[in-house]
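**Q** One structure, as C-alpha cells, below. Some questions next.
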Amino acid sequence: MTTLPAIKRKGTAGSNKDRTSSLSTKNMRFMTWKDRELLKQQNIRDEKPTMTKVETATYRNSYKHNLCIAMLKDGFHKSFDELFSLIEMRKAEREESGPDSVLWQERSLEEQEEKLDQIWLYLTKAESSLRAGKWEEVYMCRHKLAEYFLESEDRWLSDHFYKTALESSLNIRLDGHRREAEARCNMGLSHERNGDLKAAADEMEKAHHLSLGRMWMAGAASTLHKVVCRHLSRMYTTLAERSSTVIDAQKLLHRSYDMSKEGEDPLQEATAALRLGRNYELAKDSETAIEHLGRCLEGAQDLGDSELIGEVCEALAKSHQTQGNVGRSIECLELFAETSRTNNHKRKLVDACNCLGVVYNTLGHYDKAVNHFDSAYGVATELQQDVEESGVQLGIAKGNQLLNAFKQNMEIPSRFMLDRISIWKDERANEFGQPLPTKYETPPKTPEKIPDPTEPFREVERMQT
Amino acid sequence: MSRTGLEKTWDQTQDDLEKSRQKIQTALKSAKDRSKKNVNLEDDIDTKFNQLQNLGIKLLDILKESGLDQHPDWIKLTESMCQLLVPLEGSMPFMSSSEEREIRKKDLLHRQKSMMELTRVIGQKLLFDGKHNQAVPAAVQSLRFSIDVHGLNSVNLVPSYLILGEASIGLGKLSQADEYLAQAEWTVLKAPDATDAIKSKLYRNIALLYAAKGDYENALRMLAEDIYHASNQWGTKDIHTTGGYFHMANVFFRQNKMDVADSLYNQVTDTWFEFLAEAVKKKTAVQSTTGFLGPTTPEEIQDTRFFDEAQESEAIQMLNAVYDICEQSSKPNFVAISKICHTLSMLYFVLDDMTRAQEFGRRSITANERLPANVETPAVPIFLNLSNSSKRLAT
C-alpha cells in the first residue's frame, strides 16, 4: 500500500503545483512508475483544500457527537441534556429487556440522523424561547416534535414530548388554559395508545373540564370541547367493554352516552345509546333498555344508517320479547330483516330470519316460521355459513308444521292411516299433509309383518342394560 | 469526646509528625550520600534507579524551599516518597545472577510507578494551592516516570501533560501551555483506549487555554466536548459535569450573553444542590446513629467524605463565584440567590465548616423573605438546627 504524501499548506500549494506540473511535462519520461504515481497523488492532494481542526473533528466524530457539540456550543445545555438522557434512557431500557425483546431490534435514535435533526431544530428553538419566557413557543415546539414522532411511529418519543408539552403548557398565562386543555387531550390520547385507559380518561376529563363552555377551535370543523367529548365517549365505551360487572359497565356507558351527546356526533350518540340499551337489557331492565334503544332508533333513522337500524331492531326485539310484548318484537324483527335485505347484509338477514322463525315457531305460526327459516337456510347456503344451524331449525319448523296433520292421522284409528304414515316414512312424499281421500279404489293389502322402526334402538338399549 | 482526649490525640499526631520529619531528614541525607557515592554504576538498572533517586531529592528540595513541608498532608506525601528512595531489593555489590536482575527490575518498575503517581499527586496539590512554579517540576518528573513505565505514546502521560498545561496557564506562559496541551490531545487522539474521563479533562484544559487567549468560539467548542465526554462517563447531571457547565457559563458571561450564562449557572447550582442534599441526608443519618451508638471508628468517619480534594476546592470556587455573580447582578433574582446560598450552606456543612454553613443558611432565609409570597421557594435548610446542636456538642 502506498502512503499519501504529507498535506501541504494552502499558501505554498499553488506554487508547488506549478513547479511539479512543469516538472512533470519535462521529466515524465525519465521518471520511474513509482514516482509517477506519487506525482499523481500529489496533484490530487493539492486540489483538496486543507482541513481545519474543526473539520477533522467533525469528520472523526459520530453524528450524535457533533450534534451535541453544536448544541452545547450555542449554550443549549438543556436541549443537550434532554437528548442525551433520552438516548441513555432508551439504551438502559433496551439492556434491561434483553436480547429477546422487541426493543432489542429497534434502531437506535443515534443512527437516525433525520430524527436527530428534528429534535435539534425544535429543542433549541424551544430553549431559546424558554429563555425569553415565551412559553407558547416552547409548547408549540414540543407539540410539533410529538406529532412528528407520532407520525414516524416512535411512540416513546412522542409520549415524552407530549408530556413535556403539557408541563410547559402549565406555565402559559393569559390564554385561559387553552394550551393546557389541548396538551391534556393529547396526553390522554397517548395514554390510550399505551393501553392505560384509566389514566387516559382522567386526563381527558381534565381537558373536558378546562374546555367546558369555550369556543376554541380544533381543526376547521369542530371545537376542542366537542373533540374531547368524542374521545371521552370512546374511551368510556372501551372501558365499559373491559369492566367486569354489569353495574360498572352501566355507569361507564352512561358517562359515554352523556359525552357523546355533548360531543354532538349523532352517530356516536346513537351507538352509545345502543350500547347502553343492550347493557340495560343485560341488567334485566328491559324497560329502560327500550327507552334508550328507542332513542337510538330515532337517531339511526335520522342518519339513515340502515346497519345501525338493523342492530337496534335486533336489540329492541329482544327487549320487547323479554317484556312479553311479542307484537312489537315481531315488528322490530321484520324491520330488521327488511333493512338487512335491502342492504344486502346476508349474515344479518340470516340472523333476522332465524329470530323471526323462532318467534313464530314458539307462537305456533309454523307456516310463517317455515317461510322464514327457509329463506334463512337459502341465504346461509349461499354464504356457506351456519348451514347446519339453519338446516336444523328449518327441519324443526317443518316438523312442527306437520304436527297437525300427524295428529289428525293418528286420531283415525284405522289401519290405513298407519300405512299412510309408514308410506310417508318410506318415501317422504309431500302428500302427507293433504286431506284424506274419502274413498279408496283398492283396499290395501295387509302386510304380513309390520316392521318396528324402533327395534334397532331397543336392541341397543337392551345391550346397554 | 473530652477535651483532654482531643489534646492527647493532637499531641500524639504532633509527635508522629516530628518523628516522620526526622525520618525524612535521615532518609534524604542517606539518599544524597548514596547518590554522591554511586559514581561508577554497575548496569542500566542502577543508572535508572540513581536517576530516580536524584529526581526525588530534587523535588523534595524544591518543596522544602517553598516551605510546604511543614503541613501534615505534605509530610505524609514526602514520607511515602522517601520510602521509595531506599536502595533496591537484592542489589549486590558484585556480579548478580539473572534472577536477581529480574527482582531488581521489578522493584525498579514498581518504584517508578509509585513515583509517577506520587509526583502527579504532588503536582496536582501544588496546583490547588496556587503554587504553579513548584507544580512544573513535579509534573515534569511525573511525566518522565510515566514515559519510563508506559512508553511515549500512552494515555497515561496525559494527566501529567494536563498538570503542566494548567501550571503554564497559571504562570501566563500560554504558548508553552499550548504545546503541552497539543501534545496531550495528540496522545489522546492516537490512543484508542482513552477514557471519556481523561478526554473531558483534556478538553476542559484546552478550553481554558482558549478562554485565556480570548478565543471564545473555540473555548465554547472545547467545553462542549468536555461536557459531552463527561456526560458519557458520568451522566449529564453529575457533579463531574458541572465544571464544564461552569466554565461555559463564564465564557457566555464574558461574551455578555447573560440569559445563557444564567441558565448555565442555574444548572450548576441545581446539580450541586441535589448532590449536596443527598450528602447532607447521609451525613445527618450518620450523625444521628453515632449519637446513639457511641463513638465510631475512624474508618466510618472516613466514609462520610463525599468527594475528593480536587472536587472540594472546585466546588468551593465554583459555588462562591456563582454566588457573587447572582449577588452582583443588576436585577437580583432572589430565587436563585436563595438556592445558591442554600447550596453553599450545605457544602460548608458537609465540609464541617459550621460557621459559614450557618451564615449562608441565614442569607438563604433572608433572600427567601424578600420573595413575593406566592412564589414557590426551595425549602429552607432544615439541617441548620442539627448543625447548631452538633456545634454545641463539639465545643
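**Q** So how far, in whole Å, is the C-alpha centre of segment A:106-177 from the one of segment A:290-369?
**A** Distance between centres, Cα-based: 52 Å.
**Q** Could I ask something else about it? Rounded to the nearest Å, what's the spacing between the alpha carbon centres of segment B:255-276 and segment A:225-275? Just the number, please.
**A** About 49 Å separates the Cα centre of segment B:255-276 from the one of segment A:225-275.
**Q** Still on this structure, I have one more. Restricting to DSSP loop positions (anything but H, G, I, E, B) with no more than 15 other Cβ atoms inside 10 Å of their own Cβ, which trypsin sites (Lys or Arg not before Pro) remain in segment A:268-328?
**A** Here the trypsin sites (Lys or Arg not before Pro) that fit, given the DSSP loop and packing criteria, are A:K284.
**Q** Right, here's the next one. Points 7 angstrom from Cα along the Cβ direction at A:V54 and B:D129: gap in nanometres?
**A** 4.2
**Q** Determine the shielding of peptide B:214-226 by partner chains: average, over its residues, the number of Cβ atoms on other chains within 10 angstrom of each Cβ.
**A** Average neighbour count from other chains, rounded to a whole number: 3.
**Q** Now a separate question. Please give every one of the aspartates and glutamates within straight-line cross-link reach of B:K331, meaning a C-alpha to C-alpha distance under 13 Å, and leave out same-chain neighbours fewer than 8 residues apart.
**A** Cα-Cα hits under 13 Å: B:D259, B:D262.
**Q** Okay, next question. Please compare each pair in A:K91/B:K201; B:K257/B:K283; A:K34/A:K64 to a cut-off of 31 Å on the Cα-Cα distance and tell me which ones are over it.
**A** Too far apart for the 31 Å limit: B:K257/B:K283; A:K34/A:K64.
**Q** On average, how many beta carbons from a partner chain sit within 10 Å of the beta carbon of a residue in A:62-72?
**A** That works out to 4 on average.
**Q** Can you compute 3J(HN,Hα) from phi for each residue in segment A:264-274, using the Karplus curve 6.51 cos²θ - 1.76 cosθ + 1.60 with θ = phi - 60°, rounded to whole Hz and x for Gly and Pro?
**A** 6, 10, x, 5, 5, 4, 4, 5, 4, 4, 4
**Q** Can you return the lysines within cross-link range of A:K407? Criterion is Cα-Cα under 28 Å, with same-chain partners fewer than 8 residues away left out.
**A** A:K368, A:K398, A:K425, A:K439, A:K445, A:K449
**Q** So, one more: Straight-line reach only, C-alpha to C-alpha below 23 angstrom: list the lysines that A:K206 could link to, leaving out same-chain residues fewer than 8 apart.
**A** Straight-line reach from A:K206, under 23 Å: A:K144, A:K163, A:K198, A:K226, A:K251, A:K261.
**Q** When the chain is fully extended, how far beyond the present Cα-Cα distance does A:R328 get from A:R107, taking 0.36 nm per residue of separation?
**A** 73.4 nm
**Q** Further question: Which entries of A:K125/B:K237; A:K53/B:K213; B:K131/B:K339 have Cα-Cα distances beyond 27 Å here?
**A** Result: B:K131/B:K339 exceed 27 Å.
**Q** How high is the relative contact order of segment A:286-344, in percent, with contacts defined as C-alpha pairs under 8 Å that are six or more residues apart?
**A** Computed value for segment A:286-344: 36 percent relative contact order.
**Q** Just want the ordering: A:Y148, B:Y216, from fewest to most Cβ atoms lying within 10 Å of their own Cβ.
**A** In order of increasing Cβ crowding within 10 Å: B:Y216, A:Y148.
Values in this text are rule-based calculations from the coordinates and carry no lab data. Everything numeric here is computed off the predicted structure, so don't read it as measured data. Please note: Cβ atoms are built from the backbone with ideal geometry, for glycine as well, and neighbour counts cover all protein chains shown.
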